[in-house]
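Peer 1: Take this structure, written in structure tokens, and hold onto it; I'll ask about it next.
The values are calculated or read from the model by the stated rules, or taken from the named source; none is laboratory data. A quick note: this is a predicted structure, and the numbers were derived from the prediction, not measured. No Cβ is skipped: glycine too gets one built from the backbone with ideal geometry, and neighbour counts run over all protein chains shown. Keep in mind that these areas ignore ligands, DNA and RNA; they rest on the heavy atoms of the full protein, side chains included. Shrake-Rupley method; radii C 1.70, N 1.55, O 1.52, S 1.80 Å.
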Amino acid sequence: MMALDFINADTGFVTGGYSSVYMHKTIDGGLTWNKIASESFSNIKFVNDSSGYGLRVNYRFFRTNAVGSSWTMVFESYGHDLNTFTAWDNNTVYLIGDNRNCYKSNDGGTTWENMELEYDDYEYIKFRNKN
């Protein structure tokens, strides 16, 4: 298992695998899991039961609006690792990584603003609200 995210007490998603990658979804608090895609991400976050985001291989960032069954790449960082992200809703997303990079999208990943930070490398980010 690489990443796990629950959007409420019943609905959750898990992704991982090595030789066979997977994404599973539960709607009963983890008692049963159903495979929904052959995808694997190092970090996932669902903002509701159909829309979410996933970070893969530290430089590719994806979005789904199809309950995780299909994914679209919305950001790719060349030469600068992306370490984590936070997503508030379908629109507001922050990516953070090495070399003072922090990217913000207000439109679900269609466009990005580089918010260069003061220090070099960041491993984790947390905001109290979407601003």
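Peer 1: Taking the highest mean first, how do the peptides 45-52, 108-115 order by number of other beta carbon atoms within 10 angstrom per residue?
Peer 2: Descending packing order for the listed peptides: 45-52, 108-115.
Peer 1: On to the next question. In the chain, with Lys and Arg counted as +1 and Asp and Glu as -1 at Cβ, which of these residues, 87, 105, 15, has the Cα nearest the positive end of the dipole, that is, farthest along it?
Peer 2: My answer, from the dipole projection, is 15.
Peer 1: Whenever you get a sec, compute what percent of the accessible area on the chain sits on carbon and sulfur atoms (1.4 Å probe).
Peer 2: 46
Peer 1: If the limit is 20 Å between Cα atoms, which of 35/126; 104/130; 45/104; 45/130; 45/126 go over it?
Peer 2: 35/126, as the Cα separations exceed 20 Å there.
Peer 1: Return the inverse of the average 1/r over all pairs of distinct C-alpha atoms in the chain, which is the Kirkwood hydrodynamic radius, in Å to one decimal.
Peer 2: 14.9
Peer 1: I need the trypsin sites (Lys or Arg not before Pro) found in region 64-131, filtered to DSSP loop residues with at most 16 other beta carbons within 10 Å of theirs.
Peer 2: Sites meeting the loop and neighbour criteria: 100, 126, 128, 130.
Peer 1: How would you order 76-89, 25-38 from highest to lowest mean count of nearby Cβ atoms within 10 Å?
Peer 2: So the peptides 76-89, 25-38, ranked by packing, come out 76-89, 25-38.
Peer 1: Next up: Per residue, how large is the accessible surface of the chain? Use a 1.4 angstrom probe and give square angstrom.
Peer 2: Heavy-atom SASA per residue in the chain reads 55 Å².
Peer 1: Would you mind checking which residues have amide H under 5 Å from residue 36's amide H? H placed 1.01 Å from N; only 5 or more apart, or other chain.
Peer 2: 23, 24, 25
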